[in-house]
Structures are given as structure tokens and as C-alpha cells.
1. Tell me the mean residue ellipticity at 222 nm calculated for the chain from its helices only (DSSP H runs of n ≥ 4, each -39500 (n - 2.57), averaged over every residue, nearest 500).
2. At 1.4 Å probe size, with no ligands or nucleic acids counted, give the accessible surface of R376 in Å², nearest ten.
3. Mind sorting out which of [x] 39, 31, 18; [y] 44, 23, 18; [z] 38, 26, 22 is the real semi-axes √(5λ) of the Cα gyration tensor in Å computed from the coordinates?
4. Excluding ligands and nucleic acids, what accessible area in Å² is computed for E272 using a 1.4 Å probe, to the nearest 10?
5. With unit charges on the beta carbons (Lys and Arg positive, Asp and Glu negative) and the dipole taken about the Cα centre of the chain, which residue among T356, Y220, P114 sits farthest to the positive side?
6. Could you state the accessible area per residue of segment 215-374 in Å², with a 1.4 Å probe and every protein chain left in place?
7. At 15 angstrom or more along the helix axis (alpha-carbon based) and mean Kyte-Doolittle of 0.0 or higher, what helices does the chain contain? Whole DSSP H runs only.
8. Can you give the % of DSSP beta bridges in the chain that are antiparallel, to the nearest 5?
Amino acid sequence: MLHLITRVLGRILRRAAVVAAVVAIALLPAVAHPRQASAAAGFQVFTNERSAHPPGLAQYGAVKATVVYDVFAFRCDAAGCTSNGGPLPSQATYEAKVKEYMGANQFGGEATAPVVLDFEDIVLTALSGQAATHAFGLWKQLITWTHNAAPSAPVGMYGYDWSTHNNDLTRQLHQDGYFDFFAPRAYWDAGETQSGWAAQLDQAVANDRALAPGQPIYPYIHPKTIGGGYLPGTTWAFIVDQLKTKTEGAVVWEPSASDASACNWVSQHSYESGVITGTSSSGPLTARATLPSGDCTLTRGAQVDIPVTITNTSGSTTPATSMQTINNQATGVHGTGTTWQYWNIPSLPPGQSATTTLHLQVDATQVASTVLLHLRTGISDTRWAVVIV
């Protein structure tokens, strides 16, 4: 998010303080959180997407949410708070900007989805003394205005929740109709280890639970290492598993899938989303498609013939069945002509396979940069995620 790269060095320097503070957090009184034990059951993935070809994570079950960036350049010091070095915006000006970020030309967030305020220069954990007091007053005003602009949406703040600095003020912002949830930073930094990432998440979650036990936590995650390439599928699986165990959801910040290097992430995200939404691949038959590209990519405007192998992975002979039509008009990918070279799949003993060819058309105007397809027979469903380049 804004200032993300420039803050990485600061985060590294804070790492020692994070480790030292773990003991202090461990001594906080245990607070029973009614949603914590069953977090995975209601786990929700939100997505902040914009750009010409976003990945389209709504296909996988994510809900479009909104982040409001600090275009006002809010700053607070001992003398007070300013916007772009001058007076604060009017309520009408501020609310118009919130609605703009929620609009179709920005994030297109759903009316009831989270609105996250990303005003990192006035987060209370980064200020002290009178500057923090002034920022506290400004936050209350901005939160109230945000609720006015988005009356059906929960409102939260992107922050560094492992820090306990100014916790008394932060606690008040999560009471009396102000903030409704937490949105801590949980990106994967260059050189990050699983234990280091998990330790910081644990500290943020413990602090948030102590401040407002009844509020959900939606950490911010990203498919790339900050400053690097796409995360391996195993790392994304670890992140999702940890969040399902410890929080109520996650926000995927401005994801992308621009080339074959995104294949592992896209495939893993498809799998994890299937588990979360209860729509995993199912049935005794498993489909395996081999793209001409040699990886998971398809080209806009292309017609391709894709060999598909259908294998009985169960322990019993399957009955004869048939392939189902491929049709994903919402994302501009659909079958052409008869779609399948051979529609009928014979009865298959365990471990045996049948082959056919999928004739697929990708529209030149296709928008989403990934597409979730289902290779279905009458008795099975194989999820298949591809990247459109």
C-alpha cells in the first residue's frame, strides 16, 4: 500500500522490538473471543483490485472491498493536524473521495464489504504526545465521515497491530461505533521465514483481541514478496492456513497475475479458495489439461486445442459419463463449436484414463487476468485456474 516499500527497512528495524514485546503480549489477560475458535468456519477473503487486467478473485469466492488511500496527506504534530500542508478537507470533500474509491472506476467495493482507511502517517502507533492526541481526534472525525459515506460498510484501519504504543487511544477507536474490525499488515518480506512471519502475526492478533475481543481481524496479504516475485504455492498455503486458524479473514491487496511466474500462486489460491468456499474439486474422475504454452497461460484472442486426460482416481470402476460444456462468459472464456472433441467418457477401472481435446476460445476483450474453469463430467468436477496474457 502507500509507502509500502519505504517502510520495509523500518519494519526490519522494528523486528527486535517485536520479539522483545512477545513476552509482554503473552502476559496480557486471556480474553475469550467468541469467533476465534471457529474462525475458519466463517473465514472470508476480500480483495482490493483495480487496473486494466485484475486477477478477478471474485471468481474464487472473494468479495470486493475498498481501501481509501491517503490522497489528503494527513499529518499531525504538536500544533495540530493538516492535509497537504494546509486545512483539513471538508466533510463533503472527504466523503466524495471515499465514494470514489468504492466506485467502479476504483475498487468497486461492495456496499457491505469492509472499507479500510490507509492513512499510515497518522497511525497512533507511530505518534507520541500531543501529536497522537490530535491524531486521535482526527481519526474519530474521519471514521464518522466514512460511516456517513458508506453507511452499510464496516470501517477499519490498515496498521501495524503488533505495536502496543498508544493502545489506550487505539482501544477507544474500536468502541462506540467507530472502527468495526482490524486490518493489520501481514505481507511477506524479502528474507522472511515462516516462524518470523507467524510470530508477528501472533503478536498482532493477541494485541487486537485484547483491545476489542468481539471484532474480526482481516490481515492484509499480497501474492508477491514485498520487493520481489510471486510467492511459492507452499508459502501461500502456509499463510492461508495460519490466517484460517487465527483470524476471521484476509484482504488480498492489489493482486496481479501478469505472466507464467504467477502460475503457482494462482493454482494454490484456487485450491485454497475451493476449500474455504466448499467448492473443491470433487468426484472419482480427475481431469488434467496440457496447454500449448507449456505452463498455465492462455493468450487473449486465441483459439487453442487442449489435450485433456480423464483419470479414475478412486478405488472403484466408474460408470460411463460425458464431458460438460465449458462456459465462463463472465470472464470472456468459452468453448467454440462442439467444445469437446469427444464428449463421451467410457466406464473406467481404477487408475485407468480416457483422453479428449478441449477446443477453447479466449476473447480478445477478456478483462480478468486469471480465469477459474471447471472441467466437469456427469460425476466429477476438476477446478482449473489459468493466467491470461
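The values are calculated or read from the model by the stated rules, or taken from the named source; none is laboratory data. Model, not experiment: these values are computed from the prediction. No Cβ is skipped: glycine too gets one built from the backbone with ideal geometry, and neighbour counts run over all protein chains shown. Surface accessibility is based on the protein's heavy atoms, side chains included, excluding ligands, DNA and RNA. Shrake-Rupley method; radii C 1.70, N 1.55, O 1.52, S 1.80 Å.
1. After summing the helix terms and dividing by the residues of the chain, the value is -9000 deg cm²/dmol.
2. Answer for R376: close to 100 Å² accessible.
3. [y]
4. Counting only protein heavy atoms, E272 exposes about 20 Å² to solvent.
5. Farthest towards the positive end: T356.
6. Accessible area per residue, segment 215-374: 41 Å².
7. Those that pass (Cα extent of 15 Å or more, hydropathy at least 0.0) are 7-26.
8. 60 percent
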